Amino acid sequence: MTEPMINPVNRPGDKNLGKLFNGGKVMKRREWRGFKDTMYDFFRWLKIWGILINVSMGKGFVKALFRYRWLANYLAVPHMIDKNTLGQRGETLRITRTAIDFVVKEMAQIVKDNNRADIRCGNDKKLSNRSVLCDENGMTAFMMGFPTLNSAQREVVTLFSANLINQNCATHYIDVAQQYGIPGDVCPMPETELGISIEDDFAVFGKCAVQINTTCDGSMMGNGLIAKRLEREYHIPTFQLAAPIRFKNDDVQAYAAEDIKKAIAFVEEHTGAKWDWDYYFECAKRVNITTRNRWEWLDVNSTDYPQFVGSVFCLYNDTNYMGNCGKSAVFPTIDAKIMQLVKKGLENKTMLGQQYRHRCLVWGVQSHYLFDLLYWMINCWGVVPLSDMLSMVIDREIAEVDTPENREQAYYDMAYLTENMIMRNHTHGGYEALLDEMWKYCEMLGADMIMLWEHIACKALTGMHGIFEEQARERGIHLVWVQHDLCDPRIANRQSIRDQFNLYMRTVMREEPLDPSLEVIDDNNMW
C-alpha cells in the first residue's frame, strides 16, 4: 500500500479504545459505536446470553458444572466476542456478529451433547451409542456419509474453544501433564489434551473414537496415551487414521484413500450404522458451497475494501470446514447472509478502522489466548489482516454428483480434505506448502506486510526462520515475527506479544499508532 487509506465516513463512538481496558476480568463498559450499531450489538449480546442459558438448561449441565473444571470458562463467551468486534461498525460489525454468533451456537450444541451423553452427567445412552469421538486436530470428512451419527468433538470444547475464551484455562492441565513426565517443550495443545485425560476431566461417552496423526509428533504422543485410557478404562475402541506427511505427492494418495475406507469400515463395525451415499453427496455439495464462498470473500479482501477478515474469519472457516464438513444444512444459509453483507460493505466502501496503512497476510499458527490481536492491529496501527494461514485450506471443489466413478473418487476427496486440515496443510508437505504458497497468497491479496506467528514449541515453522527472512528481503515485503506459546500465556503474555509488533512498527516502519491508548493496555488479568 503506497498511500494510507482514510475512512471517508465519520465513525461515531469511542475513539480511544484502550480506555475500555482497566485491569479487570472484563472491560469497564461496552464500546459505544453510535446509537444504531450499539443497539444492534447489544441485542446480539443478549442473544448470546440466551444461547448460554439454553445450554444451562440442558440435561446433565449442573452435574457437569461441578464435575469439570473447563465448563465454567463458557460464562466469559460474551466478553470474548466483544474483543473480536473491537472498533467495528456497519457491515463489518454485522459480518463478524453473524459469523461468530453461529460459531457460538455450534459450540453450545456440542457442549449440550457432551453433557447429555456423558455417563457421569446426563447418561443419555442413545446419544452415546450414536456418537463417534473425533480428533480435535482432524477433519470429520470420514463422517460425511453417516446421517444418523453424531461427530462428537469433546476436545474442542475442553481446550480449543475454551482457550479462546479464558487465557489461563490450559495452564493447570499443562502442569498436570508435566508432573507425569511429559517434556515442557512439547506443543501445549496436545499436552493440555493429555493433561485433561490424565486428570479425567473429559466427558465419557461414545461407541468408538477416531484419532488422526495431526498435526505433529506431540499430537501423536498425546493421542497414543489418550487412546490407551479410552480403550483400557472406558472400553471405547480407537482407530488411528494416518494422513500422509508428504501429502502433495501423487504417489501417496491411493494409500490415503484406502485409510479413509478403513476408518469408515471401523465406524460401521462399532456403531452398526451404514454408509449413505445420498447423504455423502449432499454434504459434498455443501462443502463446495463453503469453498466457493470462502474464495469469493478472499477476492473481496484483495480489493481496497476488505470486509470479512481477522480471527472471526478463521474461526468461522474452522467451524464450517473442519467440525461441520458439510453435515449441517444451516451453514449455507449463514454463508448467504454473510455474502450479502460482504457485497453491501464492498459497495459502500465500508472500512474496519479509521485508516489503512498496510495490507498484511498473517502466517503461522495463532496464539489462542490472544486470538483477537488481528483487530487490535487494525485499530492501533492501521494494519489490515487480509487472511490467515489457517483459513487458506482447500482450493478445489470435490465430486458432488453420485456416479460409480465419483463414489471411488469420494475416498480420494475425503483423504484430500483430511490432508488439508487447517493446522497441517501448510506446516506439512514440505517447502512448497509452507513457504512458496505464502508468497502466492501474498501476491494474490496485494499484501505489503506479513505477520508471522512464531509458535515457540512448534518445530515445523521455526526451523525455516532464516529462509523466511531472506526471501522477504528479496521481495521487499515487511516481515514481522511475533512469538507466543499457543495455549500458555505464562511464556509470552498478551502485552509482550503486542510489544513485539509495537517495536517493529516504531523502529522499522517509523510510524506512530493511530490510537495510542491501545499500544499498552491493561488486560493481562482478563479472561
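Quick notes on this structure:
- Overall form of region 351-453 per C-alpha gyration tensor (a/c, 1.5; a/b vs b/c): prolate
- Look at the dipole of the chain built from charges on Cβ: of Ala203, Ser151, Ile467, the Cα furthest out on the positive end belongs to Ala203.
- Note, ³J(HN,Hα) from phi for region 334-350, Karplus 6.51, -1.76, 1.60, rounded to Hz, x at Gly and Pro: 5, 4, 5, 5, 5, 4, 4, 5, 4, 5, 5, x, 5, 5, 8, 6, 6
- Percent of beta bridges antiparallel (DSSP, region 5-518, rounded to nearest 5): 5 percent
- 0 to 90° range, to nearest 10: angle between helix 404-419 axis and the chain longest Cα axis: 60 degrees
- Three-way shape call for region 443-522 based on the alpha-carbon gyration tensor, with the a/c threshold at 1.5: oblate
- The accessible-area ordering, largest first, of the residues Ser496, Ser197 stands as Ser496, Ser197, per a 1.4 angstrom probe.
- Full extension of the chain segment joining Asn524 with Asn54 gains 166.2 nm, where the gain is 0.36 nm per residue of separation less the Cα-Cα distance.
- Amide H contacts of Gln483: Glu454, each under 5 Å away and 5 or more positions distant or on a separate chain (H built 1.01 Å from N in the peptide plane; Pro and chain starts excluded).
- If you plug the beta carbon distance of Thr403 and Asp499 into 1/(1 + (r/R0)^6) with R0 = 51 Å, you get a FRET efficiency near 0.35.
- Note on region 141-253: with charges restricted to the Cβ of Lys and Arg (+1) and Asp and Glu (-1), its dipole about the Cα centre is near 340 debye.
- Selection from Leu386, Met39, Leu17, by position along the positive dipole direction of the chain (Cβ): Met39
- Inter-site label distance for Phe66 and Arg475 at 7 Å from Cα along Cβ, in nm: 5.7 nm
- Taken about its Cα centre, the chain carries a charge dipole of about 2100 debye when Lys and Arg each add +1 at the Cβ and Asp and Glu each add -1 at the Cβ.
- Comparing Cα centroids, region 1-56 and region 376-449 end up 31 angstrom apart.
- Leu46, Leu518, reordered so the largest accessible area comes first (probe 1.4 Å): Leu46, Leu518
- Cβ-placed point charges (K, R +1; D, E -1), dipole of region 56-124 about Cα centre in debye, nearest 20: 200 debye
- Relative to the current alpha-carbon distance between Asn249 and Glu347, full extension at 0.36 nm per residue lengthens the span by 31.1 nm.
- Residue-averaged [θ]222 nm for the chain, counting only DSSP H segments that reach four residues, each worth -39500 (n - 2.57): -14500 deg cm²/dmol
- Separation of the Ile467 and Lys47 label points, Cα + 7 Å toward Cβ, nm: 4.5 nm
- Relative compactness, region 1-46, computed as alpha-carbon Rg over 2.2 N^0.38 Å: 1.48
- Relative to the dominant Cα principal axis of the chain, helix 465-475 is inclined by about 50°.
- Summing charges over all other residues whose Cβ lies under 13 Å from the Cβ of Val252, with Lys and Arg as +1 and Asp and Glu as -1, gives -3.
- Label separation (Trp32 vs Gln355): 2.4 nm, computed from points 7 Å beyond Cα along the C-beta direction.
- Amide H contacts under 5 Å for Phe247, placed H, 5+ residues apart: Gly429
- Amide proton proximity set for Cys208, modelled H, under 5 Å, gap of 5+: Leu133
- Tensor-based shape of region 143-183 (alpha-carbon gyration tensor, a/c under 1.5 rounded, otherwise prolate or oblate): oblate
- Rounded to the nearest Hz, the phi-derived 3J(HN,Hα) couplings of region 382-389 under the Karplus curve 6.51 cos²θ - 1.76 cosθ + 1.60 (θ = phi - 60°) are x, 9, 9, x, 5, 6, 10, 4, where x marks glycine and proline.
- Across the alpha-carbon atoms of region 391-527, the computed radius of gyration and Dmax are 19.4, 62 angstrom.
- Summary value for the chain: 21 percent relative contact order, contacts being C-alpha pairs under 8 angstrom separated by 6+ residues.
- Qualifying lysines (Cα of each under 30 Å from Cα of Lys207; at least 8 residues distant if same chain): Lys59, Lys63, Lys105, Lys112, Lys125, Lys126, Lys228, Lys261, Lys262, Lys274, Lys285, Lys327
- The convex hull built on the alpha-carbon positions of the chain has an orientation-averaged projected area of 22.5 nm².
- Along the axis of the charge dipole computed for region 69-131 (Cβ charges of +1 for Lys and Arg, -1 for Asp and Glu, origin at the Cα centre), the listed residues Asn123, Thr85, Met107 are led at the positive end by Asn123.
- Full-stretch length increase - Thr507, Trp277 - with 0.36 nm per residue and alpha-carbon distance subtracted: 77.0 nm
- Karplus-based coupling profile of region 158-163, in residue order and whole Hz: 7, 10, 4, 6, 4, 6, with θ = phi - 60° in 6.51 cos²θ - 1.76 cosθ + 1.60 and x standing for Gly or Pro.
The values are calculated or read from the model by the stated rules, or taken from the named source; none is laboratory data. Because the structure is predicted, anything quoted here is derived from the model rather than measured. For neighbour counting, all protein chains shown are included, and Cβ atoms are generated from backbone atoms with ideal geometry for every residue, glycine included. Side chains included, ligands, DNA and RNA excluded: accessible areas come from the protein's heavy atoms. Shrake-Rupley method; radii C 1.70, N 1.55, O 1.52, S 1.80 Å.
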